[in-house]
Amino acid sequence: MPDRLHHESLYRGPQVLAKLASLPLAICGAGAVGSNLADNLVRHGAAKLRVIDHDRVEPHNISTQIYGEADVGVWKVEALRNALFRACGVEIESVRKTLDARNARTILKETGLIIDAFDNTASRQCVQDHARAAGTPCLHVGLFEDYCEVIWDEEYRVPRQVIATTDVCEYPLARNLVLLATTIASEVILQWLADSTRRSLSATLRDWVVQPVEKPAGA
């Protein structure tokens, strides 16, 4: 009987899935992007996954994140760990902490790829500082209104603080944009594993445009 990765293996090839299974991944943030991306990557065959977050599930999370009503009040990383184990039998490492400059080196140690799925400037800056100091590949995934971006660290600029001072619970956010960003990020990661290509892409939901990110001046 074919296993749970049968169709994906036929499409990607077993070598790519083997690389994904052996890659130590760290997803920073278990919200809209982080929870859906963790779910998607595990269903592609990721087996060494660490997720960092310090928030609990709230009612407004249910429409855009993978959590259900029974998870309200539960720590997101714990709810995510339980959900992925039930779905795929994969035991992820859940880290219920706030990532900062004091603990980033410890929390993100022995990581082959860092995925920044945070929703605030300070945390994104912390991830970038650590990734660059450690020389670890890092992919940033962000959302705003009907726009999303998936950018490798060498082309990424942390958003200005003015964006992060707005309550993220007040952002307009469509579930389909979250899923689009998750799909793009997954494809970018799998292509990187397949042939080392690093594609940085942005997309807008309403006009269905997906395009390369313009490189910063001087890059």
> Of all the residues that make up region 184-199, how many are hydroxyl-bearing (Ser, Thr, Tyr) and in contact (Cβ under 8 Å) with a residue 60 or more places away in the chain?
Replying inline: 1
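Every residue, every condition in (1) over 24 Å from Thr111 (Cα atoms); (2) among the polar types (S, T, N, Q); (3) at pLDDT below 95, yes or no:
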{"site": "Ala32", "(1), (2), (3)": "no, no, no"}
{"site": "Asn36", "(1), (2), (3)": "no, yes, no"}
{"site": "Asn40", "(1), (2), (3)": "no, yes, no"}
{"site": "Gly45", "(1), (2), (3)": "no, no, no"}
{"site": "Glu69", "(1), (2), (3)": "yes, no, no"}
>> Condition first: without any contact (Cβ under 8 Å) to a residue 40 or more places away in the chain, of a type in the set (S, T, N, Q), farther than 16 Å from Ala185 by Cα and crowded, with 21+ Cβ neighbours inside 10 Å. Can you find one or more residues in region 39-62 that meet it?
In response: yes
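Select from region 105-122 the residues that are polar (S, T, N, Q) and modelled with pLDDT under 95 and list them in ascending order.
Here is the first cut: in region 105-122, the residues polar (S, T, N, Q) are 106, 111, 120-121.
The answer is Asn120, Thr121.
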> What are the pairs, 6+ residues apart or on separate chains, where a residue within region 110-134 that is in a strand (DSSP E or B) has its Cβ under 7 Å from a residue that is among the basic types (Lys, Arg)?
Replying inline: Asp116/Arg124
> Is one or more of the residues making up region 21-37 surrounded by fewer than 17 Cβ atoms within 10 Å (Cβ to Cβ), of a type outside the set (Val, Ile, Thr) and not in a loop (DSSP other than H, G, I, E, B)?
Replying inline: yes
> With (1) touching a residue at least 12 places away in the same chain (Cβ under 8 Å); (2) farther than 23 Å from Leu23 by Cα; (3) not in a helix (DSSP H, G or I) as the list, and Arg102 as the residue in question, which single condition is left unmet?
Replying inline: (1)
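If I ask for residues that are aliphatic (A, V, I, L, M), surrounded by 12 or more Cβ atoms within 10 Å (Cβ to Cβ), out of contact with any Lys or Arg (no Cβ under 8 Å at 6 or more places or on another chain) and within 20 Å of Ser123 (Cα to Cα), which ones from region 85-102 would you list? Walk me through it before giving the result.
Let us first name the residues in region 85-102 that are aliphatic (A, V, I, L, M), namely 87, 90, 92, 95, 99, 101.
With surrounded by 12 or more Cβ atoms within 10 Å (Cβ to Cβ) added as a condition, the list becomes 87, 90, 92, 95, 99.
Of the ones still in play, those that are also out of contact with any Lys or Arg (no Cβ under 8 Å at 6 or more places or on another chain) are 90, 99.
Residue satisfying the conditions is Leu99 alone.
Yes/no per residue for (1) surrounded by 14 or more Cβ atoms within 10 Å (Cβ to Cβ); (2) closer than 28 Å to Arg43 by Cα; (3) modelled with pLDDT of 95 or more:
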{"residue": "Val127", "(1), (2), (3)": "yes, yes, yes"}
{"residue": "Leu143", "(1), (2), (3)": "yes, yes, no"}
{"residue": "Ile163", "(1), (2), (3)": "yes, no, no"}
{"residue": "Val178", "(1), (2), (3)": "yes, yes, yes"}
{"residue": "Gln191", "(1), (2), (3)": "yes, yes, yes"}
{"residue": "Thr197", "(1), (2), (3)": "no, yes, yes"}
{"residue": "Trp208", "(1), (2), (3)": "no, yes, no"}
{"residue": "Val213", "(1), (2), (3)": "yes, yes, no"}
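Quick one: would you say Val90 is in a loop (DSSP other than H, G, I, E, B), out of contact with any Ser or Thr (no Cβ under 6 Å at 6 or more places or on another chain) and at pLDDT 95 or above?
Numbers: in a loop (DSSP other than H, G, I, E, B): yes; out of contact with any Ser or Thr (no Cβ under 6 Å at 6 or more places or on another chain): yes; at pLDDT 95 or above: yes.
Against the criterion (in a loop (DSSP other than H, G, I, E, B), out of contact with any Ser or Thr (no Cβ under 6 Å at 6 or more places or on another chain) and at pLDDT 95 or above), Val90 qualifies.
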> Is it true that some residue in region 148-157 is touching a residue at least 12 places away in the same chain (Cβ under 8 Å), at positive phi and not in a loop (DSSP other than H, G, I, E, B)?
Replying inline: no
> Just one of the numbered conditions (1) closer than 21 Å to Thr136 by Cβ; (2) surrounded by 14 or more Cβ atoms within 10 Å (Cβ to Cβ) is not true of Lys109; which one?
Replying inline: (2)
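How many residues are more than 19 Å from Lys48 (Cα to Cα) and touching a residue at least 24 places away in the same chain (Cβ under 8 Å) if we restrict to region 66-86? I'd like the intermediate steps shown before the answer.
First, the residues of region 66-86 that are more than 19 Å from Lys48 (Cα to Cα): 66-75.
If we keep only those that are touching a residue at least 24 places away in the same chain (Cβ under 8 Å) too, we end up with 66-67.
Final tally of qualifying residues: 2.
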>> Looking for something touching a strand residue (DSSP E or B) at 6+ places or on another chain (Cβ under 8 Å), surrounded by fewer than 18 Cβ atoms within 10 Å (Cβ to Cβ) and not in a loop (DSSP other than H, G, I, E, B) - is there at least one such residue anywhere in region 70-84?
In response: yes
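The values are calculated or read from the model by the stated rules, or taken from the named source; none is laboratory data. In this text the structure is predicted, and so the values were computed from the model without any measurement. Ideal geometry is used to build each Cβ from the backbone, glycine not excepted, and the neighbour counts take in all protein chains shown.
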